[in-house]
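Novice: Here it is: the structure, laid out below.
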Amino acid sequence: METLFIQIKTLLVNAAALVLPPWGVTLSSMIISALAILGLGPLIMMYLTLMERKVLARMQNRIGPNRAGPWGLLQPLADGIKMLTKEDIRPSAADPLLYFLAPILIAVPALMVFAVIPFGKGMTAADLNVGVLYFVALSSTTTLVIFMASWGSRNKYSVLGGMRSVSQMISYEVTLVISVVPILMAAGSLSTQTIVESQSGRWYAATPWGLLSCMIFFICGLAECNRSPFDLPEAESEIVAGYHTEYSGMRFALFYMAEFMNVFSICALTVTLFLGGWQGPLLPSWLWFLIKTYLLIFIVFWFRGTLPRLRADHLMGLAWKFLLPLAVMNIPAAAMSHFLSEPFSTAVPLAILMVSVAVLSFFNKGYAAEKRVYHFTD
Amino acid sequence: MIFGAGILKGMLVTLRSFVNSYFKKPDQGGLFTVEYPEKRLVAKERFRNFPFLVYDEKPEDPRCVACDICAKECPPKCITIVRDADAEGRPLKKPALFDIDLSVCMNCGICEEACPFDAIFMDHEFEIAGTERHQSLLYHKEDLLKSNGYFRQIRPSDAALIDARRKEAEDKKKAALKPAAPPEKKE
């Protein structure tokens, strides 16, 4: 079970070696990995939509989709057929090229980031030595495409959504990158595979600086993929549907797909960087990875079922005035734990972080008007 | 107050209803959905929907005497009645035609209140959807006639009252028709 998928791939490559020249074998190995990811992405997305609807329904005391197939398992297929057969409308004032390209381009980075995610022991499609950098760089291009879509569809709500997306991304991207730095310092590498291997003794999330880093990374990741409570770019109660207001049918489905694949990849990367990746006892490594990732995805849906949307100024305030300084303070804390010996290597970072959280929450305290006291004349 | 305590409290609320939805009974905080086509709620006796006609013994003799009161009282005018006649053309006390257009009916129940012959009542039947707009919703006499037994079954307390009243009236009538019986003297 442990090497199930690796064995399947070896089998296929060996079969290819019988008929193909050596360069063809190398090429076919790449193509097999690429095809696996191309198939995996949409499959994950389809069932994430079902999972989200089920989880949200249960949180709201409803049953959720249960008509198509047992437990609604065929619901994603039914949705797909509906999306494909819907009329494809293009607004007459839309920019034809941008409007056409945006839904295609948005799925590209969402699929490409899967390449560096270690799904199991030796199951990284491309073990780049700059894996984390590659991930951050690619996932931030989504914003560009979102702005393309919003500008291309010539709709004021779309443009508002695009603007919000850009401003949100600029704020949270910085914090996201800085929150990863302690992990890179501790692991001494940008390769996702090496980072997972360096957590064999202790997960990074089990240290005070790692836990904080994990929380900041996760929150910023939510903001990156426009998930609730940071779903301002597609706030349906304020700006119709934000950047994909004018999209319908399969084009809309591509935006939806990219969003869910981003959720999956953000959760997968959080698991990789902080929660020990595929490391775990007894069960096969890829199963451990999937269990941890789906637990995090459950938390994402849980947030969606609980929290209302943030106000735009609160969103900015949270990023610049709270998370960013905290992420910066986290770097010296991680360095302390690296250079000090045991009792101090936990206590000193913990002290630094507790003080910074206290100071930051003191300065971030919002203005609350003094309670008025009314005096009545007798 | 700790930073973020309110968020944690809210998260606990949603988690609780998530877990309860799987493990608790409806009255203890679990799911209370009744999945309609497979399961259904027990209809309340006073639930009223579309009208139907009652017959006592056989459908050829309905209680309806074609008096046309319900058709006149009906606010959206969805009832059409044509009185039956015998071979010589004399009017009979029953309808030849009794149509209710259910696409027009507004379920008010005024026909039931207006009927002096206890012939028309509101039904519990509500699954009358059709694939066609006019003919499938135009109910004729044959579709509307249902037995008194059915009425007793869906609305037992109303049926008991009405049956008792009708029996009393019938007894009085019989007593009045009996010429041999000596008139009871009362002071």
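The values are calculated or read from the model by the stated rules, or taken from the named source; none is laboratory data. Quantities reported herein were computed from a predicted structural model and do not represent experimental measurements. Because the Cβ atoms are built from the backbone with ideal geometry, glycine has one as well, and the counts that use them run over all protein chains shown.
Novice: Given the criterion closer than 17 Å to residue A:49 by Cβ and either acidic (Asp, Glu) or touching a His at 6+ places or on another chain (Cβ under 9 Å) (or both), identify the matching residue among A:264, A:252, A:301.
Specialist: Details: A:264 fails: either acidic (Asp, Glu) or touching a His at 6+ places or on another chain (Cβ under 9 Å) (or both); A:301 fails: either acidic (Asp, Glu) or touching a His at 6+ places or on another chain (Cβ under 9 Å) (or both).
Matching residue, one of A:264, A:252, A:301: A:252.
Novice: Among the candidates A:82, A:54, A:86, which residue alone is at pLDDT 85 or above, buried (at least 18 other Cβ atoms within 10 Å of the Cβ) and among the charged types (D, E, K, R)?
Specialist: Numbers: A:82 fails: buried (at least 18 other Cβ atoms within 10 Å of the Cβ); A:86 fails: buried (at least 18 other Cβ atoms within 10 Å of the Cβ).
It is A:54.
Novice: Answer with yes or no whether residue A:157 is under 21 Å from the mean Cα position of the chain (by Cα), aromatic (Phe, Trp, Tyr) and farther than 21 Å from residue A:108 by Cα. Steps first, please.
Specialist: Details: under 21 Å from the mean Cα position of the chain (by Cα): no; aromatic (Phe, Trp, Tyr): yes; farther than 21 Å from residue A:108 by Cα: yes.
Answer is no for this residue.
Novice: Considering each of B:158, B:163 in turn, give the residue that is touching a residue at least 24 places away in the same chain (Cβ under 8 Å) and surrounded by fewer than 18 Cβ atoms within 10 Å (Cβ to Cβ). Write out each step before concluding.
Specialist: On the way: B:163 fails: touching a residue at least 24 places away in the same chain (Cβ under 8 Å).
The conditions single out B:158.
A quick yes/no check of all residues on (1) of a type outside the set (A, V, I, L, M); (2) within 14 Å of chain B (Cβ to nearest Cβ); (3) over 27 Å from the mean Cα position of the chain (by Cα):
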| position | (1), (2), (3) |
| --- | --- |
| A:26 | yes, no, yes |
| A:29 | yes, no, yes |
| A:35 | no, no, no |
| A:40 | no, no, no |
| A:46 | no, no, no |
| A:57 | no, yes, no |
| A:66 | yes, yes, yes |
| A:79 | yes, no, no |
| A:94 | no, no, yes |
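Novice: Of everything in the stretch B:170-187 that's among the aliphatic types (A, V, I, L, M) and surrounded by 10 or more Cβ atoms within 10 Å (Cβ to Cβ), which residue is modelled with the lowest pLDDT?
Specialist: Residue satisfying both the conditions and the ranking: B:181.
Novice: Then there's this: Considering the stretch A:164-202 alone, what residues qualify as being over 20 Å from the mean Cα position of the chain (by Cα) and at negative phi? Break it down into steps so the answer makes sense when it comes.
Specialist: The initial filter retains those residues of the stretch A:164-202 that are over 20 Å from the mean Cα position of the chain (by Cα), namely A:185-189, A:194, A:197-202.
Passing the criteria: A:185, A:186, A:187, A:189, A:194, A:197, A:198, A:199, A:200, A:201, A:202.
Novice: What residue, among those in the stretch B:117-148 that are out of contact with any Pro (no Cβ under 7 Å at 6 or more places or on another chain) and of a type in the set (Phe, Trp, Tyr), is farthest from residue B:45 (Cα to Cα)?
Specialist: Kept after step one, since they are out of contact with any Pro (no Cβ under 7 Å at 6 or more places or on another chain), are these residues of the stretch B:117-148: B:117-118, B:124-140, B:142-144, B:146-148.
Checking which are of a type in the set (Phe, Trp, Tyr) leaves us with B:117, B:126, B:139.
Details: B:117: 21, B:126: 14, B:139: 23 Å.
My answer is B:139.
Novice: Quick one: which residue in A:204, A:256 is at pLDDT 80 or above and closer than 29 Å to residue A:82 by Cα?
Specialist: Working: A:204 fails: closer than 29 Å to residue A:82 by Cα.
A:256 is the lone residue from the list that is at pLDDT 80 or above and closer than 29 Å to residue A:82 by Cα.
Novice: What number goes with the only condition from (1) touching a Pro at 6+ places or on another chain (Cβ under 8 Å); (2) in a helix (DSSP H, G or I); (3) not aromatic (Phe, Trp, Tyr) that residue A:166 does not pass?
Specialist: Here residue A:166 clears every test but (1).
Novice: Of the numbered conditions (1) among the aliphatic types (A, V, I, L, M); (2) touching a Ser or Thr at 6+ places or on another chain (Cβ under 7 Å); (3) over 25 Å from residue A:267 (Cβ atoms); (4) touching a residue at least 60 places away in the same chain (Cβ under 8 Å), residue A:335 satisfies every one except a single condition; which is it?
Specialist: All conditions are met except number (2).
Novice: Only one residue in A:27, A:73 is under 30 Å from residue B:20 (Cβ atoms) and either buried (at least 16 other Cβ atoms within 10 Å of the Cβ) or not small (Gly, Ala, Ser) (or both), so which one is that?
Specialist: Working: A:27 fails: under 30 Å from residue B:20 (Cβ atoms).
Result of the check over A:27, A:73: A:73.
Novice: Need the failing condition index for residue A:104 against (1) in contact with a Leu (Cβ under 8 Å, 6 or more places away or on another chain); (2) surrounded by 15 or more Cβ atoms within 10 Å (Cβ to Cβ), just the number.
Specialist: Residue A:104 satisfies all of (1) in contact with a Leu (Cβ under 8 Å, 6 or more places away or on another chain); (2) surrounded by 15 or more Cβ atoms within 10 Å (Cβ to Cβ) except (2).
Novice: Separate question: Restricting the search to the stretch A:123-147, which residues are touching a residue at least 40 places away in the same chain (Cβ under 8 Å), under 24 Å from residue A:309 (Cα atoms) and surrounded by fewer than 22 Cβ atoms within 10 Å (Cβ to Cβ)? Quick ask: steps written out before the conclusion?
Specialist: Of the residues in the stretch A:123-147, the ones touching a residue at least 40 places away in the same chain (Cβ under 8 Å) are A:123-133, A:135-136, A:139-140, A:142, A:145-147.
The next check asks that each one be under 24 Å from residue A:309 (Cα atoms); those that pass are A:139-140, A:142, A:145-147.
If the condition is that a residue be touching a residue at least 40 places away in the same chain (Cβ under 8 Å), under 24 Å from residue A:309 (Cα atoms) and surrounded by fewer than 22 Cβ atoms within 10 Å (Cβ to Cβ), then A:140 is the only one that fits.
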